[in-house]
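Worksheet: the structure to be examined is printed underneath.
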Amino acid sequence: MYLALLVIFLQCSELYTQERVFTFNTVEIKVQPSVKVKNGARMSVVCHADISKSTDFQMKHNFTIFKNGKPVFMTVSDREGARYEIPVARSSDTGEYECTVEAGGKTKSSDSLHVWVTGMTKPILTAEEKEVLEGEVVKLRCELPEEVPPLYFVFRKIKMNSTPKEKRVFEPYRNFSEVSFSVEEGDNILYFDCFGKRNVLLAFESSEHSNRTLVTVKEPFIKPTLNAKPSGNITEGDRIQFECSTVVARMRDIEIILQKNKTILKSVKDEKILKYSTVATLEDSGEYLCKVEQGRASKTTKLNVVVQELFPKPILSASTSNLDENKELTLSCSISGFRKANFSILRKNSNGEISLKNSRNLTMRVNVNDTGSFICKAEVKGIVKESKPVMINIYAPVSKPTLSVVSGLPEVVLGKPLRLICRSAMGTPPITFRFHKGNEVKTIVTNDTYATFLDENIRQNDKKGYKCDARNNHSSGMKTSNILNITVIVPIRRASLGSIPYGKVEDGHETTFLCSVEEGSWPIHFRIFRKTDREVLLFETSENADKILWRKKAMNRQDTGTYYCMASNRANVDVKSHPITINVILAVWQKGVIAASVLIPIAGAVTFASWWFLYKKKKAKGPSVEMSGSALATNLTSEKLTRQHNDRDYYSGSGYIEDSENHMKSTDETKAPVQKGTETVYSEIRKANNDSVENRHSRIQGHPDAT
């Protein structure tokens, strides 16, 4: 019975569960009347859920409406829809809307829907002052109370018959903005308004213009009056007087300024009138400006003045513009069509002007220090005019130039460029220098006191002399230097080292080294080195020769090593020979001593063994035999001693021959270079010995140093 009840209960529970099954089909969001709503109109956001159920049963629905990701409306209903009412839509209601429905533990959201509230509210403009003075400022405030930042504000200053002036302000965090406009000269009646802007979908939307605000402007002072006396027919020398005046409402902080070409001539403060007078010159013609300033306000008046010329500028003429020192120079000053004037002649220098004579004519004997610019001045009725400057050049003759090598010594290394310098100690610049190589003009240089020349074509047998000449505008003409002969230094080429004996030297014997070069200017510095674990300088000398000999008297075992020589001359290039290797071996007598020290003990041991053998034999045979054995022993001893002596000579000789064989073997292994080197060195040594007592002039003919 209980089992039947349990089965019935389970079946009923299953039927109940099947009756409560539901699923969301869709969730939709709509805006009424449309997704584009006019600012100020009514707007409704409707969210609807489409749900399928197993049976008709009631359940609660939680509706949430989001704008730009933030919840703006929430409600719970047993219906499948909800409505979010906005009675008055504003631009701040523009955005992305989305709806989410939750029921029975299930949630579903709609797609997002963009809603655009078009148009903006009308801004409100207020002015801090309704009446201002020229030079003051008008402070304005524009507000969009129902809009949400970020916002752009545009302020406008409107003047009759002119284009409005605008100021734009971006406000990222507030819905109002404030600006100031300056009141300028001529601003009488001003109107101001403003409007707002915002960015919607990458486009700007503008509001209506605000109320127009009127601001009245008052003048703090009137436009100034500028007069000149005399008003016309002004001639150089006349006194001209300017007067600038104005009428002000208050005297505090007022300033009057008189200008000509942006140069201030005079100014006064806290006064209504400015007066300025001067003696008229031709340079006083032009436009004058009177300016009145008070605070930020300013007004100007202009006046054009023309001054007639009283006399033209004087003209200075010279007998010549280039002349030798100690010659006479004549200067003359004149005015075209005008003779009655006070003349003076002057020379200009770095410190100003030096008056030479108060006359229209001047004759003077000049020196080099008189070189410079000369002018003359003419004065009539207090008006002084100056002529154009005349440049006079006075020349001292050039001295005989000197030609030298820039580096100092009159020599050059073959293959290197030669730089020469030509100087003239005296003479008025500019000086023209000419360089000659032999009879050929190489280059022409104009400079003050010296010039340089670079010869990059130096040859080994180049024997052409160099010279230079100099001249300036002095009438004495050209001066020529002495001829400069240059020694061409030939760098060292191909150094070599040889020795006798070559390769192996007996201990205690002499070795002769020959270091030679194939080419190079004398003197040549020779150095001979030995290299083992370090380099050791053995010998050095400087000779006017292509080779040197060095004899090392007694060689020892420590002299074994690698040898090379280095040669250099004034070209400052070290040339190193190929290395040679020398081994110091035992002498013949040393080998004999060694052989004797080995063979003599051996011979003694053999003699003693023979004697011992005979002695034993004698004892065994008796007295007769002993006598016989004694004689035999004596003969044997004599024979052994003889052999001992002969053996010693043999081994000593054999040792020498063996060394000789080894020496010959070593020679055979390097037969060609050793034999050639030895013969060459022997030949060179013999030749060097002969050269030491002969004249070497035959060797240097044609050599660059022969000169």
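Could you check, for segment 6-28, whether at least one of its residues is modelled with pLDDT of 90 or more, closer than 30 Å to LEU202 by Cβ, open to solvent by 70 Å² or more (accessible area, probe 1.4 Å) and out of contact with any Ser or Thr (no Cβ under 9 Å at 6 or more places or on another chain)? No, segment 6-28 contains no residue that is modelled with pLDDT of 90 or more, closer than 30 Å to LEU202 by Cβ, open to solvent by 70 Å² or more (accessible area, probe 1.4 Å) and out of contact with any Ser or Thr (no Cβ under 9 Å at 6 or more places or on another chain).
For segment 431-449, the set of residues classified as on the phi < 0 side of the Ramachandran plot and either at pLDDT 90 or above or open to solvent by less than 50 Å² (accessible area, probe 1.4 Å) (or both) consists of ILE431, THR432, PHE433, ARG434, PHE435, HIS436, LYS437, THR443, VAL445, listed by residue number.
Inspection of segment 55-70 identifies no residue that is open to solvent by 70 Å² or more (accessible area, probe 1.4 Å), at pLDDT 85 or above, more than 60 Å from the chain's Cα centre (by Cα) and within 19 Å of GLU96 (Cβ to Cβ).
Evaluation of VAL292 against the conditions (1) more than 21 Å from LEU265 (Cα to Cα); (2) surrounded by 17 or more Cβ atoms within 10 Å (Cβ to Cβ) shows that the sole unmet condition is (1). Checking segment 121-142 against the condition returns a match, with at least one residue being farther than 21 Å from THR216 by Cβ, in contact with a Lys or Arg (Cβ under 8 Å, 6 or more places away or on another chain) and not charged (D, E, K, R). Against the test of being outside any loop (DSSP other than H, G, I, E, B), touching a residue at least 12 places away in the same chain (Cβ under 8 Å) and in contact with a Pro (Cβ under 8 Å, 6 or more places away or on another chain), the options ILE65, ILE51, ILE29 yield a single qualifying residue, ILE65. GLY95 fulfils the conditions (1) modelled with pLDDT under 90; (2) open to solvent by 20 Å² or more (accessible area, probe 1.4 Å); (3) over 30 Å from ARG20 (Cα atoms) except for a single criterion, (2). In segment 541-561, of all residues being β-branched (Val, Ile, Thr) and at pLDDT 90 or above, the one that is farthest from GLY508 (Cα to Cα) corresponds to THR541. Tallying residues that are among the charged types (D, E, K, R) and within 27 Å of PHE176 (Cα to Cα) within segment 100-133 yields 5.
Take LEU538 and decide whether it is more than 49 Å from the chain's Cα centre (by Cα), under 30 Å from VAL413 (Cβ atoms) and not basic (Lys, Arg). Criteria met by LEU538. Consider segment 578-602 and keep the residues that are at pLDDT 75 or above and either touching a Leu at 6+ places or on another chain (Cβ under 9 Å) or of a type in the set (Asp, Glu) (or both). The one that is least open to solvent (accessible area, probe 1.4 Å) is ILE580. If you go through segment 381-406 and pick out every residue that is part of a loop (DSSP other than H, G, I, E, B) and modelled with pLDDT of 85 or more, you end up with 10. No other residue among SER317, SER344, SER332 is modelled with pLDDT of 90 or more, open to solvent by 50 Å² or more (accessible area, probe 1.4 Å) and part of a strand (DSSP E or B) apart from SER317. Within segment 562-572, restricting attention to residues that are over 21 Å from GLY503 (Cβ atoms) and of a type outside the set (A, V, I, L, M), the residue that is modelled with the lowest pLDDT is ASN572. With respect to SER52, determine if the residue is modelled with pLDDT under 85 and over 15 Å from SER109 (Cα atoms). For SER52, the condition - modelled with pLDDT under 85 and over 15 Å from SER109 (Cα atoms) - is not met. For segment 267-281, a tally of residues being open to solvent by less than 40 Å² (accessible area, probe 1.4 Å), assigned to a strand (DSSP E or B) and over 11 Å from VAL292 (Cα atoms) returns 1. Do you know which residues across segment 74-91 are assigned to a strand (DSSP E or B) and within 19 Å of TRP116 (Cβ to Cβ)? Listed by number, the residues that qualify are TYR84, GLU85, ILE86.
Being out of contact with any Cys (no Cβ under 8 Å at 6 or more places or on another chain), surrounded by 12 or more Cβ atoms within 10 Å (Cβ to Cβ) and part of a loop (DSSP other than H, G, I, E, B) is the filter here; which residues of segment 464-481 pass it?
Step one: of segment 464-481, the residues out of contact with any Cys (no Cβ under 8 Å at 6 or more places or on another chain) are 464-467, 469, 471-479.
Now restrict to residues that are surrounded by 12 or more Cβ atoms within 10 Å (Cβ to Cβ): 464-467, 469, 471-474, 476, 478-479.
Once the filter is applied, which keeps residues that are out of contact with any Cys (no Cβ under 8 Å at 6 or more places or on another chain), surrounded by 12 or more Cβ atoms within 10 Å (Cβ to Cβ) and part of a loop (DSSP other than H, G, I, E, B), segment 464-481 yields LYS464, GLY465, ASN472, ASN473, HIS474, SER476, MET478.
Within segment 146-194, the set of residues being under 55 Å from the mean Cα position of the chain (by Cα), free of Cβ contacts under 8 Å to residues at least 12 places away in the same chain and under 25 Å from PRO220 (Cβ atoms) comprises SER162, PRO164. For first residues located in segment 292-321 and of a type in the set (Phe, Trp, Tyr), partners that are in a strand (DSSP E or B) and surrounded by 15 or more Cβ atoms within 10 Å (Cβ to Cβ) and lie 6+ apart or on another chain with Cβ distances below 8 Å form the pairs PHE311/ILE335; PHE311/ALA378; PHE311/VAL380; PHE311/ILE383; PHE311/LYS385.
Taking residues in segment 458-473 that are in contact (Cβ under 8 Å) with a residue 60 or more places away in the chain and acidic (Asp, Glu), and partners anywhere that are loosely packed, with under 14 Cβ neighbours inside 10 Å and outside any strand (DSSP E or B), the pairs with Cβ atoms closer than 9 Å and at least 6 places apart or on different chains are ASP469/MET478.
So which residues in segment 405-428 are surrounded by 15 or more Cβ atoms within 10 Å (Cβ to Cβ) and either within 37 Å of the chain's Cα centre (by Cα) or in contact (Cβ under 8 Å) with a residue 60 or more places away in the chain (or both)? Once the filter is applied, which keeps residues that are surrounded by 15 or more Cβ atoms within 10 Å (Cβ to Cβ) and either within 37 Å of the chain's Cα centre (by Cα) or in contact (Cβ under 8 Å) with a residue 60 or more places away in the chain (or both), segment 405-428 yields VAL405, PRO410, GLU411, VAL412, VAL413, LEU414, LEU418, LEU420, ILE421, CYS422, ARG423, THR428. Please verify whether segment 508-529 includes one or more residues that are farther than 30 Å from THR428 by Cα, surrounded by fewer than 16 Cβ atoms within 10 Å (Cβ to Cβ), basic (Lys, Arg) and under 55 Å from the mean Cα position of the chain (by Cα). Checking segment 508-529: not a single residue is farther than 30 Å from THR428 by Cα, surrounded by fewer than 16 Cβ atoms within 10 Å (Cβ to Cβ), basic (Lys, Arg) and under 55 Å from the mean Cα position of the chain (by Cα). Counting only residues that are under 12 Å from GLN294 (Cα atoms), at pLDDT 90 or above and open to solvent by 30 Å² or more (accessible area, probe 1.4 Å), segment 224-262 holds 1 of them. Considering only residues of segment 99-117 that are surrounded by fewer than 14 Cβ atoms within 10 Å (Cβ to Cβ) and part of a strand (DSSP E or B), which is nearest to the chain's Cα centre (by Cα)? So the residue we want is HIS114. Can we say ILE383 is surrounded by 13 or more Cβ atoms within 10 Å (Cβ to Cβ), among the β-branched types (Val, Ile, Thr) and within 30 Å of ASP238 (Cβ to Cβ)? Considered against the rule, which asks whether it is surrounded by 13 or more Cβ atoms within 10 Å (Cβ to Cβ), among the β-branched types (Val, Ile, Thr) and within 30 Å of ASP238 (Cβ to Cβ), ILE383 comes out as yes. ALA127 satisfies every condition listed in (1) more than 30 Å from GLU255 (Cβ to Cβ); (2) in contact with a Phe, Trp or Tyr (Cβ under 8 Å, 6 or more places away or on another chain) except (1).
The values are calculated or read from the model by the stated rules, or taken from the named source; none is laboratory data. It should be emphasised that the depicted structure is a prediction, and the values quoted were computed from it without experimental measurement. Cβ sites come from the backbone with ideal geometry, for glycine too, and all protein chains shown count toward neighbours. To get the accessible areas, we keep the full protein, side chains included, count just its heavy atoms, and leave off ligands, DNA and RNA. Shrake-Rupley method; radii C 1.70, N 1.55, O 1.52, S 1.80 Å.
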